[in-house]
Amino acid sequence: MAIITLDNVTPVGFGAFKIGRNQGINYPAGYDLPDEAGAARLLGGVLDLGVNYIDTAPSYGLSEERIGKAIGHRRGEFLLATKVGETFEGGQSTYDFSADAIEASVRRSLERLRTDVIDLVLIHAPRDDLRVLESTDVVAVLQGMREKGMIRGIGFSGHTVEAFRSALDFSDAIMATYHADDTSLTPVLDEAARRGVRVIVKKGLAAGRLDPDRAIRFALSHPAVTTVAVGTLNLDHLRGNLEVARAAVRKAADGS
């Protein structure tokens with residue numbers, strides 16, 4: 001089996017938020033969390049479709065633990081990304097980017113995800129994202145953990161152009177909001193393309209407010225974009241998203 005890297009992930013990935021958390025959401029409609037068996041069926045179905053990028057975070061409630069239980073035994077089939085810095089408890093997010101907190105977070109994620117190594121760890125930054133990069137040791141700590149072999153790649157999920165530009169200096173990949181109604185980070189994507197830094201699109205469907213087919217084609221039209229992380233509880237929707245994405249990639253490769 002070929003090793004899965006950011007060079008060969010599927011153009012649509014699975015965002016695992018909805019399998020673990022339904023509080024403090026930005027979606028236009030609420031939803032029920034799947035039970036343990038339902039989450040396992042969904043995750044297994046994601047891999048059976050051939051989707052090989054899975055994105056989670058400690059702040060996604062039960063998500064990491066459910067991924068580990070359901071598909072930890074299929075670890076070689078997907079690139080696994082999680083995050084550090086944000087936790088969500090009692091209906092509220094808190095942030096801690098101290099060295100001790102970052103190291104503890106990665107170790108917890110390794111245990112919950114039932115893996116020896118995490119492919120990509122992203123800094124999960126709040127709105128004052130540039131301060132996190134300039135005033136904490138998070139980057140140095142993650143670089144050290146990469147040297148120890150606990151993680152393979154590091155990156156940044158933030159908000160502002162200034163912070164993303166700073167993050168391009170150390171990131172293997174960045175995770176950025178990018179869709180037709182929000183192109184504010186286009187200069188960052190342009191620079192990422194020039195520098196060979198991979199881009200994972202988050203909120204590419206604007207929390208379900210955009211037509212998925214058009215939104216996916218739009219996101220993938222930028223040369224820096226590697227994959228669009230789609231959060232869904234419906235495998236048929238994900239199958240359709242993947243078909244659209246693969247068609248868009250083929251069309252771009254054909255130059256038509």
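Assorted remarks:
- Residue tally, condition hydroxyl-bearing (Ser, Thr, Tyr) and more than 12 Å from residue 232 (Cα to Cα), over segment 1-49: 2
- When segment 74-90 is filtered for residues that are surrounded by fewer than 20 Cβ atoms within 10 Å (Cβ to Cβ) and closer than 21 Å to residue 202 by Cα, the ones remaining, listed by number, are 87, 88.
- Residues in segment 181-191 that are under 22 Å from residue 53 (Cβ atoms) and either of a type in the set (Gly, Ala, Ser) or surrounded by fewer than 20 Cβ atoms within 10 Å (Cβ to Cβ) (or both): 182 only.
- Considering residues of segment 26-48 that are surrounded by fewer than 17 Cβ atoms within 10 Å (Cβ to Cβ), touching a residue at least 40 places away in the same chain (Cβ under 8 Å) and under 20 Å from the mean Cα position of the chain (by Cα) only, the residue nearest to residue 241 (Cα to Cα): 45
- Within segment 46-81, the set of residues being among the acidic types (Asp, Glu), assigned to a helix (DSSP H, G or I) and under 24 Å from residue 32 (Cβ atoms) comprises 48, 64, 65.
- Residues in segment 157-180 that are farther than 19 Å from residue 209 by Cβ, within 16 Å of the chain's Cα centre (by Cα) and not aliphatic (A, V, I, L, M): 157, 158, 164, 171, 172.
- Here the condition is being surrounded by fewer than 21 Cβ atoms within 10 Å (Cβ to Cβ), in contact (Cβ under 8 Å) with a residue 60 or more places away in the chain and not in a loop (DSSP other than H, G, I, E, B); of 239, 165, 194, it holds for 239 alone.
- Residues satisfying the stated conditions in segment 210-224, i.e. without any contact (Cβ under 8 Å) to a residue 60 or more places away in the chain and touching a strand residue (DSSP E or B) at 6+ places or on another chain (Cβ under 7 Å): 210, 215, 218, 219, 224
- Residue that is touching an Asp or Glu at 6+ places or on another chain (Cβ under 8 Å), among the β-branched types (Val, Ile, Thr), crowded, with 16+ Cβ neighbours inside 10 Å and at pLDDT 95 or above, where the choices are 71, 118: 71
- Each residue in segment 140-154 was checked for being buried (at least 21 other Cβ atoms within 10 Å of the Cβ) and without any contact (Cβ under 8 Å) to a residue 40 or more places away in the chain, and 1 pass.
- Of the listed requirements (1) in contact (Cβ under 8 Å) with a residue 60 or more places away in the chain; (2) part of a loop (DSSP other than H, G, I, E, B); (3) of a type in the set (Phe, Trp, Tyr), residue 97 misses just one: (1).
- Number of the exception - residue 60 against (1) at pLDDT 95 or above; (2) more than 13 Å from the chain's Cα centre (by Cα): (2)
The values are calculated or read from the model by the stated rules, or taken from the named source; none is laboratory data. Worth saying up front: this structure is predicted, and the values here are computed from it rather than measured. Methodologically, a virtual Cβ is constructed for each residue, glycine included, from the backbone with ideal geometry; neighbour enumeration extends over all protein chains shown.
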